[in-house]
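First the structure, in the form of structure tokens, and then the observations on it.
The values are calculated or read from the model by the stated rules, or taken from the named source; none is laboratory data. Note that this is a predicted model, so its numbers are computed, not measured. No Cβ is skipped: glycine too gets one built from the backbone with ideal geometry, and neighbour counts run over all protein chains shown.
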Amino acid sequence: MEVIHKIGRRKTAVARIYVSEGSGNITINKKDLNDYFPTATLQYKVKQPFALTSNEENFDVKVNVFGGGITGQAEAIRLAISRAMCEVDAENRLILKPEGLLTRDPRMVERKKFGQKKARKKFQFSKR
């Protein structure tokens with residue numbers, strides 16, 4: 001199997017992953033998964049596509065991720081891994097799609113408008 005390259009995004013986080021056959025090692029920005037994401041919730045999010053497709057010990061993943069916060073980064077990695085699992089086997093799509101793991105979450109921070117305090121909040125209005 002050759003190396004599969006996929007991209008996942010969430011808010012402003014962008015994750016580029018390289019999946020190859022191996023023993024289940026996940027390296028994120030040259031750190032181990034447990035060092036980069038200390039909480040069990042974030043580790044679960046990253047491993048979720050492997051758990052659902054029963055591939056926990058079959059693939060090694062190298063990840064370059066930047067932008068956003070740690071939750072956005074974890075979900076960007078999850079989307080990229082899900083896309084890679086679909087390329088490995090088309091049957092995986094039927095497992096991952098109902099779980100919502102192949103959907104790019106479009107919610108982004110709304111831009112601040114001029115003449116206002118924030119995106120929707122206005123400056124205090126004074127009648128007199």
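Picking from residues in the range 81-91 that are part of a helix (DSSP H, G or I) and of a type in the set (A, V, I, L, M), the one that is farthest from the chain's Cα centre (by Cα) is V88.
Step by step: first the residues of the range 92-101, then only those that are without any contact (Cβ under 8 Å) to a residue 12 or more places away in the chain and part of a helix (DSSP H, G or I), then the one that is farthest from the chain's Cα centre (by Cα). Which residue is that?
Taking the candidates together, the pick is L94.
Looking only at the range 109-125, filter to residues that are surrounded by 10 or more Cβ atoms within 10 Å (Cβ to Cβ) and within 26 Å of the chain's Cα centre (by Cα); which one of those is nearest to G67 (Cα to Cα)? Among those residues, the one meeting the criterion is K112. V65 falls short of the stated requirement of being assigned to a helix (DSSP H, G or I) and surrounded by 12 or more Cβ atoms within 10 Å (Cβ to Cβ). Filtering the range 95-114 to residues that are within 21 Å of V46 (Cβ to Cβ) and charged (D, E, K, R) leaves K97, E99, R104, D105, R107. Does at least one position in the range 29-45 carry a residue that is in contact (Cβ under 8 Å) with a residue 12 or more places away in the chain and of a type in the set (V, I, T)? Looking for residues that are in contact (Cβ under 8 Å) with a residue 12 or more places away in the chain and of a type in the set (V, I, T), one finds none in the range 29-45, hence no. Just give me the residues in the range 1-42 being of a type in the set (G, A, S), farther than 10 Å from K62 by Cα and more than 17 Å from the chain's Cα centre (by Cα), in sequence order. Correct list: G22, S23, G24.
Looking across R128, R104, one residue alone is surrounded by fewer than 13 Cβ atoms within 10 Å (Cβ to Cβ), in contact with a helix residue (DSSP H, G or I) (Cβ under 7 Å, 6 or more places away or on another chain) and part of a loop (DSSP other than H, G, I, E, B). It is R104.
Residue-wise test of (1) among the aromatic types (F, W, Y); (2) farther than 20 Å from R9 by Cβ; (3) in a strand (DSSP E or B); (4) modelled with pLDDT of 90 or more.
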residue: N34; (1), (2), (3), (4): no, yes, no, yes
residue: D60; (1), (2), (3), (4): no, yes, yes, yes
residue: A74; (1), (2), (3), (4): no, no, no, yes
residue: L79; (1), (2), (3), (4): no, no, no, yes
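Return yes or no: is V46 within 16 Å of the chain's Cα centre (by Cα), in a strand (DSSP E or B) and more than 30 Å from F125 (Cβ to Cβ)? For V46, the condition - within 16 Å of the chain's Cα centre (by Cα), in a strand (DSSP E or B) and more than 30 Å from F125 (Cβ to Cβ) - is not met. Pairing residues of the range 103-115 that are within 30 Å of C86 (Cα to Cα) with residues that are part of a loop (DSSP other than H, G, I, E, B), at Cβ distances under 9 Å and at least 6 apart in sequence or on separate chains, gives D105/K11; R107/K11; M108/K11; M108/T12; V109/K11; V109/T12; V109/A119.
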